[in-house]
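Read the structure below first, then the notes.
The values are calculated or read from the model by the stated rules, or taken from the named source; none is laboratory data. Since we're looking at a predicted model, the values are computed, not measured. Glycine gets a Cβ as well: all are built from the backbone with ideal geometry, and neighbour counts include every protein chain shown. Ligands, DNA and RNA are excluded from the accessible area calculation, which covers all protein heavy atoms including side chains. Shrake-Rupley method; radii C 1.70, N 1.55, O 1.52, S 1.80 Å.
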Amino acid sequence: MNPAQRTLSQPKGQSEFGNGLATASVLVVDDEPGIRNFIVKILQPLVGCIEQAANTEVASLLLDKNHFDIVILDNVMPGTTGIEWLSEQRRLGFFADTILITAFADMDTAIEAMRAGAVDFVLKPFRSNQILNAVARCVDRVNLRRENYLLKYELASGNAGTRGRLLGSSPVIENIRVTLQRVAPLPTPLLLTGDTGTGKEVAARAVHVMSDRSEKPFVPINCATISGDLVEHELFGKIQQNSSGRTLRHDGVFMNANGGTLFLDEIVELPLSAQAALLRVIEHRKVRPEGSSREVPLDLRFIFATNINLEKAVQDGFFREDLYHRINVLNIRMPVLRERNGDIKELALMFIQQISRSLGVSPLSLSEGVLLNMSRYDWPGNVRELRNLIERSLIVGEWPAEFAASGEVEEVEAVDSLAVVERRHILSVLDTCDGNHAEAARRLGVSRKTVDRKCAMWNV
């Protein structure tokens, strides 16, 4: 039998040991074919993939080519013990949780194994449920560690509640939505550009939700908030020896987000040295943590965003030209809010409902007058400024004077009539033209008489 045999299983169903097993990758290292085959037979129906090696040499080669969540390791093997091999691999770069199987459970062996990095023991002879329980414990530990690590980035972004909802029915948003749907199932890097507050992260989340990675992590990173001295350590991970000689590992964002989508906002803020390392990760789909001699395979979808002109950043020497061309495969520009005035109502209603519920305050009425004043405003802070305005207004219990309706209190419907949309749009264009009917008619593509007649009908 081939000493390294890979068995890929079909999509796994639920089991009494938890759903986390279905995505776990396991390596079994044991010189006895009977034990290897027994463990594979037990785990194959439940785990994502499983491979086996008859000795540590083959196991080392497999670790160079693949990433494993769990290694089940026999301690007593010809040539070198499992503990000795594990200690050596930790120094080279070993990123799996290890279950040691042994017939000798003395205290010295246990202490030595823990120092080498083993997280669990199974004593020979063992039953199937002992192996399954040990693997399930490891999977739970791996997933909990990963979720806790990534949670700080999710909380820092403050946009978890958006859930990829790209609101709006304006033509520009409809076009973007169609493009996002086309690119979502593809592995192609995506570059989102546009002013601050235009919804680049919301668009990135929408791509993630529509992709086959939707059940995996979505990790938003603001490159401007990570210290330049720590950025490579934080993103790529690190291996180091402590004073007692024990190997310590920090997996980093890339490895913890493996299988999901990584959203790198303000990518131009990434230091040049980190840009070079990022380019290698994108091209080779592998990451080499600091201090490691081994590259770890990655399965990541990359989405980048910036509000800076990247071409100018390349010319000024702040951004690598090769990285720019690598990430600029598909560039989607997110429009400013004044370019999608027709979406203000839908956004405002959603924010009023969402924020009033989270703050526990009464929602404010969105009247036609308030909506018209919103459509007349320039919104330099875009959608983020609209959200902040609504939150501030809900806290104080009224709209600011410049947005409040004058005598008009009728609340708008969730869906506008065509007449309401027409009135709001014509009055908004008139405002931008300082009341010049002729210029407004030219921009609207109608006759001056049409504008005059509408205004007379509306008493404006």
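Some notes on this structure:
- Residue in the stretch 287-295 that is under 23 Å from the mean Cα position of the chain (by Cα) and among the polar types (S, T, N, Q) present: no
- Listed by position, the helices (runs of 4 or more DSSP H) contained in the stretch 200-286 that have at least 2 residues being at pLDDT 90 or above and surrounded by fewer than 22 Cβ atoms within 10 Å (Cβ to Cβ) are 200-210, 272-284.
- The stretch 127-148, subset touching a helix residue (DSSP H, G or I) at 6+ places or on another chain (Cβ under 9 Å) and open to solvent by less than 30 Å² (accessible area, probe 1.4 Å), residue farthest from Asp31 (Cα to Cα): Val142
- Every condition in (1) among the β-branched types (Val, Ile, Thr); (2) in contact with a Leu (Cβ under 9 Å, 6 or more places away or on another chain); (3) outside any helix (DSSP H, G or I); (4) modelled with pLDDT of 90 or more is met by Ile308 except one, and the failing one is (2).
- Every residue from the stretch 48-60 that is in contact with a strand residue (DSSP E or B) (Cβ under 6 Å, 6 or more places away or on another chain) and either buried (at least 24 other Cβ atoms within 10 Å of the Cβ) or over 17 Å from Cys138 (Cβ atoms) (or both): Ile50, Gln52, Ala53, Ala59
- Among (1) open to solvent by 10 Å² or more (accessible area, probe 1.4 Å); (2) closer than 30 Å to Phe302 by Cα; (3) in a loop (DSSP other than H, G, I, E, B); (4) modelled with pLDDT under 85 - the single one Glu154 does not satisfy: (3)
- Selected residue (criterion: most open to solvent (accessible area, probe 1.4 Å)) from residues of the stretch 82-115 that are under 38 Å from the mean Cα position of the chain (by Cα) and polar (S, T, N, Q): Ser87
- In the stretch 294-333, the residues that are open to solvent by 80 Å² or more (accessible area, probe 1.4 Å) and aliphatic (A, V, I, L, M): Ile308, Val329
- Qualifying residues in the stretch 311-329 (those that are in a loop (DSSP other than H, G, I, E, B) and touching a helix residue (DSSP H, G or I) at 6+ places or on another chain (Cβ under 9 Å)) - the one nearest to Phe263 (Cα to Cα): Asn328
- Condition met for Ser227 (of a type in the set (Ser, Thr, Tyr) and under 21 Å from Asn148 (Cα atoms)): yes
- Tally, over the stretch 402-428, of residues that are at pLDDT 70 or above, farther than 14 Å from Leu364 by Cβ and open to solvent by 20 Å² or more (accessible area, probe 1.4 Å): 2
- Checked against the criteria, Leu63 counts as modelled with pLDDT of 85 or more, part of a helix (DSSP H, G or I) and buried (at least 21 other Cβ atoms within 10 Å of the Cβ).
- Within the stretch 334-365, if we keep just the residues that are of a type in the set (Val, Ile, Thr) and surrounded by 16 or more Cβ atoms within 10 Å (Cβ to Cβ), the residue that is nearest to Thr193 (Cα to Cα) turns out to be Val336.
- Among the residues of this structure, Asn19 does not count as one that is farther than 21 Å from Gln89 by Cα, open to solvent by 80 Å² or more (accessible area, probe 1.4 Å) and modelled with pLDDT under 55.
- Comparison of Arg285, Arg280 shows that the only residue that is of a type in the set (Lys, Arg) and either closer than 21 Å to Glu321 by Cβ or in contact with a helix residue (DSSP H, G or I) (Cβ under 6 Å, 6 or more places away or on another chain) (or both) is Arg280.
- When the residues of the stretch 429-460 are filtered to those that are in contact with a Cys (Cβ under 9 Å, 6 or more places away or on another chain) and at pLDDT below 80, the one that is least open to solvent (accessible area, probe 1.4 Å) is Leu430.
- Answer residue from the stretch 182-199, given it is outside any loop (DSSP other than H, G, I, E, B) and β-branched (Val, Ile, Thr) and is nearest to Leu347 (Cα to Cα) among those: Thr193
- Filter result for Thr179 (more than 19 Å from Val383 (Cα to Cα) and part of a helix (DSSP H, G or I)): yes
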